[in-house]
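A.B. asks: One structure is given below, represented as structure tokens, and several questions about it will come after.
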Amino acid sequence: MASLAVVVTLTLSLSLPFALKPLLARWGVVDMPNDRSSHSLPAIRGVGMAPLLAFAVGSLVLLGSADTDEGAHLVSIVLVAAVLASVIGLIEDVCGLPVLGRAAAQLLLGVSVGGIVTVESGGTWWLVPIYALSFAGYINVANFMDGVDGISGTHGAVVGASFALSGALTGQLWLVGVGALIAAAFIGFLPWNLLRKGTFLGDVGSYLLGASIAAAAIAGFASGIPLMAVVGPLAVYLGDSMSTVFRRVRNGARWYEAHRSHLYQRLTDAGFSHIQSALFVGVFTAFSAGAGYISIAWPGMWLAAAFAVVLVSGSYLVSGAVIVARAREIVVQEGNTE
């Protein structure tokens with residue numbers, strides 16, 4: 001049944017855009033280029049409804065599997081959290097939402113997820129605010145990082161696969177299933193994003209990505225997955241977003257306004273294609289996830305795992321900055337020789 005759930009999810013994610021694109025065009029759900037955009041022409045957004053519906057149906061199939069009986073409540077938590085967050089994103093896509101309204105809805109959903117997970121796992125209540133902030137925060141991280149073709153699909157594939165492996169290594173079959181469904185939902189979207197120009201996830205899709213990953217991470221940690229195995233796959237996205245916010249605040253810019261300051265965006269400005277930038281982020285994400293597995297293989301070495309995760313995410317930031325700086329030097333040198 002778990003294999004069937006993955007096949008259903010992948011099939012729906014691949015096929016649903018055929019019906020959704022004309023519908024979204026008729027609704028006028030069109031993304032207009034702005035200061036943050038890596039595209040120059042209007043494009044249909046909201047096609048993230050395809051991986052959303054695929055993930056939802058696949059999760060229901062997974063819940064019918066006897067293999068996930070013990071973790072059915074955790075699968076349900078991830079499913080409901082992802083769907084509700086995606087609805088917030090869909091509303092933003094179609095008619096817009098005030099910033100404070102979005103933030104309040106995300107935090108309220110995060111508190112609910114944290115509270116339910118805490119009750120289910122018998123955890124301590126002081127973690128609920130941390131869970132809530134982490135949930136809302138990662139939704140926005142996924143949204144901020146969705147700026148070039150292929151990056152969100154690649155992230156969903158890598159993180160989903162890493163969660164599935166963590167579940168397999170720790171005997172938590174529910175996480176194997178959820179991770180595989182996240183990967184399948186976003187792999188199915190990749191051909192549309194890469195081969196059909198002008199097809200974007202929109203907020204509905206980026207909210208699905210952030211919420212499903214965050215809810216799975218919270219539920220996984222609460223059920224005993226080592227912290228670094230949970231954080232490792234997310235560290236590169238977090239590092240890019242946090243360093244960008246810090247740099248913009250330091251420079252006196254309004255960090256919350258549209259911009260092209262993320263490292264992955266600066267890499268495209270430096271000459272990388274969209275897929276090269278997405279793969280650059282994806283490869284480092286895979287290495288960071290691998291570093292987190294140290295805490296599963298050797299439970300007492302969580303500090304070494306943390307160091308390895310920080311080292312990999314730091315290497316991403318440093319190597320990317322070097323590439324950008326080198327590209328600028330070449331432009332200056334070519335300008336001086338003309």
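The values are calculated or read from the model by the stated rules, or taken from the named source; none is laboratory data. Quick caveat, the model's predicted, so the values are computed rather than measured. Positions of Cβ are generated from backbone atoms using ideal geometry, with glycine treated the same way; all protein chains shown enter the neighbour counts. Ligands, DNA and RNA are stripped out before the accessible areas are found, and what is left, the full protein with its side chains, is counted by its heavy atoms. Shrake-Rupley method; radii C 1.70, N 1.55, O 1.52, S 1.80 Å.
A.B. asks: Take the conditions surrounded by fewer than 17 Cβ atoms within 10 Å (Cβ to Cβ), in contact with a strand residue (DSSP E or B) (Cβ under 7 Å, 6 or more places away or on another chain) and modelled with pLDDT under 85 and apply them to Ala25. Does it pass? Write out each step before concluding.
C.D. replies: On the way: surrounded by fewer than 17 Cβ atoms within 10 Å (Cβ to Cβ): yes; in contact with a strand residue (DSSP E or B) (Cβ under 7 Å, 6 or more places away or on another chain): yes; modelled with pLDDT under 85: yes.
Against the criterion (surrounded by fewer than 17 Cβ atoms within 10 Å (Cβ to Cβ), in contact with a strand residue (DSSP E or B) (Cβ under 7 Å, 6 or more places away or on another chain) and modelled with pLDDT under 85), Ala25 qualifies.
A.B. asks: Would you please list the contacts, defined by Cβ atoms under 8 Å and residues six or more apart or on different chains, that run from a residue in the stretch 156-173 that is more than 12 Å from Val230 (Cβ to Cβ) to a residue that is of a type outside the set (A, V, I, L, M) and open to solvent by 60 Å² or more (accessible area, probe 1.4 Å)?
C.D. replies: Leu173/Asp67; Leu173/Glu70
A.B. asks: Which members of the stretch 289-316 meet the condition of being open to solvent by 50 Å² or more (accessible area, probe 1.4 Å) and in a helix (DSSP H, G or I)? Break it down stepwise before answering.
C.D. replies: Start the filter on the stretch 289-316 by keeping residues that are open to solvent by 50 Å² or more (accessible area, probe 1.4 Å), which leaves 297-303, 307, 310-311.
Listed by number, the residues that qualify are Ala297, Pro299, Gly300, Met301, Trp302, Leu303, Phe307, Val310, Leu311.
A.B. asks: Would you say Leu90 is over 22 Å from Gly167 (Cα atoms), assigned to a helix (DSSP H, G or I) and open to solvent by 40 Å² or more (accessible area, probe 1.4 Å)? Spell out the reasoning first.
C.D. replies: Working: over 22 Å from Gly167 (Cα atoms): yes; assigned to a helix (DSSP H, G or I): yes; open to solvent by 40 Å² or more (accessible area, probe 1.4 Å): yes.
Yes; evaluated as a whole, the condition is true for this residue.
A.B. asks: Do you know which residues across the stretch 193-206 are part of a helix (DSSP H, G or I) and surrounded by fewer than 24 Cβ atoms within 10 Å (Cβ to Cβ)?
C.D. replies: To start, the set of residues in the stretch 193-206 that are part of a helix (DSSP H, G or I) comprises 193-195, 202-206.
Leu194, Leu195, listed by residue number.
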